[in-house]
Structure formats: structure tokens, C-alpha cells
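Peer 1: Got a structure for you, questions after.
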Amino acid sequence: MRSAWMIGVFGLLAMSGTVATADVVVLEPVADSTLYEGGETANGAGAFIFAGATTRFGLRHALLRFDIAGALPAGATITDASLTLFMDRTILGPAPFTLHRVSAAWNEGVVNAGEPGGAGEPAENGDATWDFRVYDLNPTARVPWSTPGGDFAPVASASTVVDGVASYIWTSAELANDVQQWFNAPASNFGWLLRANAGGASAKRFASRESADPMTRPRLTIEFTPPGPTCNDIDVNNDSSFFDPQDIDAFLSVFSEGPCVPEAVTCDDIDFNNDGALFDPCDIDSFLLVFAEGPCTLCGV
């Protein structure tokens, strides 16, 4: 008997047009900077960030951090994430560049190395440098990295080959996992470090969040599923009988502004998914799906 009712329920759901969808948000960094090997130089406020190995002046590591928690609704589930960077200057051809999750807090800083910016400028209070995640002119106030060049996960979260002038995208399941982790625990969000994962000269210049051209700034694209609603008990007529066809009769009667069925009982509120909209077809979708032992849902979710 119940299986026949279930078939009818799914038939109604098919006619209602409920479709699963994901939301998308695109973020610019809240901080980015470059770590320059070989000296306490910085470029946190400059229009460019650098990564890779130079021919004579050591390595470059780029740092980027995004405000994940402030951009998504509580309870969201990350389904995909991708980082896009625009590379506008290089000393060599293709090389793999990897993103690594940073494990310690750092400051963007105030130094602007200008154009071309590849050597940085002497660090000021609050800058991030190769040796210090928070630099200070007073040596006793400096906060060092555990390892010069930044504290980061040895295993890359994503990798892509960067060649000529163009936009490049880093994406992977692990990158999405990083975003989910930072969303769940904002205090652990120290962003990513970008480095070249190859020997020899590989240095490349990327536009930073201070770029004069908004189209070239770093952007993190996040796809996520919003949190679902909380549905009411499906014992609509409160007769203590669950998965009971009378509950469907009662719900549809009240939804049509009719009486509770049977009239001797008291029916629940017809805003079944508690979205604040009464006499809303979404409530029918939600009720029938939960009746069929599915999840609580909103229309189109």
C-alpha cells in the first residue's frame, strides 16, 4: 500500500519541477603579497605579486588570502573552487606552479615596490618578508616564519602550467576542501602560497588585488550548495500516524484553504519548509519529498 503512495508522490514531484542547483560567488583577495628570498624586502601594497625562481636574485613566493567565511551563508557546502590569476610578465617559458595551504598568519603590509616590482622594497612595520611573517623595524618585535620562505603544506592543493601572458586557473578537489575547511574554521584561514614547482629560472609576475585593471585581479570562484530548510513533522494532522495517506489529504486540504481532515483533529502550519511563504508550491514539494523519505527542500534547491 505504502509503495503505491510513494509512486504517486514521486509523480507529483516530477510535475512540480524541483531541480537541484548550486550558487556561485566570486571573491577578490583581502590580502596578497610577495616573499623575496635574500633580504627583508616586501611588496604587499604593490600592483603585482611574484612567484618562481629568478636567474640571480633567488626565489619568489606569492601569498593570497580570501575572506571565505564572510562570503557564504552559514551551513553552506562547497562543491567546487577555482583560483584565477593573470600573468603579465615572465623570463622563461612554461613551468608548473603549485598552490599550497599556508599554516601561519601573515600580514599583507604597506610597502609598494612599484613598476616592475620584482626586487621589492625595504620592508616596513607589518610587512611579510622571506624570513618574517610579520616584520618590524624593531628586531625584538618581529614574528618569524618557522621556515624561511613561509610555512605551508608540502603537498600542493592544486597545480597548473603557466606559460605566456594570459589568465591561468588552479582547481582541484583539494582546493575545494581547503575552502570548505576555512569556511568551517575561519581562524585556520591563512590562504595559499604560490610557488614554481621546477628547477631553473621560472619567475613570473601576476596582477595583485591592487591592480589598476579590475579584470586582471586575482579571483576565487566558489560553487556551493546553500543550507537546506528545516521542515515540519509530516504528521500534519497530528494523529500519531506517520507515512499516513491522511496526512497528504490533510495537507492538501489546508493548502487549498479547506478544513483539517478529519475535522476532529488539528493540523499543523502549511508553511511546511518554514520559508515564511504561505500557500507556496514549495511547501507541497517539500512535504511530498519528506513524505517519500527524502530531504527537506526549497523549490529549485
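Peer 1: FRET efficiency for Val155 and Glu263, Cβ-Cβ distance as r, R0 = 45 Å, nearest 0.05?
Peer 2: Computed FRET efficiency for Val155 and Glu263: 0.10.
Peer 1: Next question. Between Asp80 and Asp163, what is the FRET efficiency for a Förster distance of 22 Å, r being their Cβ-Cβ separation, to the nearest 0.05?
Peer 2: About 0.35, to the nearest 0.05.
Peer 1: Now, a different point. For segment 21-83, just say rounded, prolate or oblate: build the C-alpha gyration tensor, square-root its eigenvalues into a ≥ b ≥ c, call rounded for a/c under 1.5, and beyond that prolate if a/b exceeds b/c, oblate if not. Intermediate values should be presented prior to the final figure.
Peer 2: Details: a/c = 3.80, a/b = 2.67, b/c = 1.42.
Taking the square roots of the gyration eigenvalues as a ≥ b ≥ c, segment 21-83 is prolate.
Peer 1: Further, regarding this structure: Could you give the angle, 0 to 90 degrees to the nearest 10, between helix 173-184's Cα long axis and the longest principal axis of the Cα atoms of the chain?
Peer 2: 80
Peer 1: Between the alpha-carbon centers of segment 87-135 and segment 148-212, tell me the distance in whole angstrom.
Peer 2: Each part reduced to its Cα centre gives a spacing of 12 Å.
Peer 1: What is the angle, in °, between the Cα long axis of helix 281-291 and the longest principal axis of the Cα atoms in the chain? Nearest 10 is fine, range 0 to 90.
Peer 2: The two axes meet at around 80 degrees.
Peer 1: Could you give the length gained by full extension between Asp136 and Asp249, i.e. 0.36 nm per residue of separation minus their alpha carbon distance, to one decimal place?
Peer 2: Values: separation 113, 0.36 × 113 = 40.68 nm, distance 7.19 nm.
Length difference between fully extended and current span is 33.5 nm.
Peer 1: Follow-up. So, in Å, what gap is there between the alpha-carbon centers of segment 31-63 and segment 224-301?
Peer 2: So the separation of the two Cα centres works out to 58 Å.
Peer 1: Take every Cα-Cα pair in the chain and report what % of them are more than 26 Å apart.
Peer 2: 55
Peer 1: Over segment 228-291, consider all pairs of different Cα atoms and compute the Kirkwood hydrodynamic radius from their mean reciprocal separation; express it in Å, one decimal.
Peer 2: 11.5
Peer 1: Short version: what are the Cα gyration tensor semi-axes of segment 123-241, square root of 5 times each eigenvalue, largest first, in whole Å?
Peer 2: Calculated on Cα positions only, the semi-axes equal 41, 22, 15 Å.
Peer 1: Right, another one. How high is the relative contact order of segment 183-301, given as a whole-number percent (alpha carbon pairs under 8 Å, six or more residues apart)? Don't skip to the answer; put the middle values down first.
Peer 2: Numbers: 129 pairs, mean separation 22.6, N = 119.
About 19 percent, as a whole number.
Peer 1: Hey, got a sec? Which chymotrypsin sites (Phe, Trp or Tyr not before Pro) in segment 197-288 land in a DSSP loop and have at most 10 other Cβ atoms within 10 Å?
Peer 2: When the chymotrypsin sites (Phe, Trp or Tyr not before Pro) of segment 197-288 are filtered for loop state and at most 10 Cβ neighbours within 10 Å, Phe242 remain.
Peer 1: Arrange Glu293, Glu108, Glu37 by Cβ neighbour counts within 10 Å, fewest through most, would you?
Peer 2: With the sparsest Cβ surroundings first, the list reads Glu293, Glu37, Glu108.
Every number in this text was worked out from the coordinates using simple rules, so none of it is lab data. Since this is a predicted model, take the numbers as computed values, not measurements. Please note: Cβ atoms are built from the backbone with ideal geometry, for glycine as well, and neighbour counts cover all protein chains shown.
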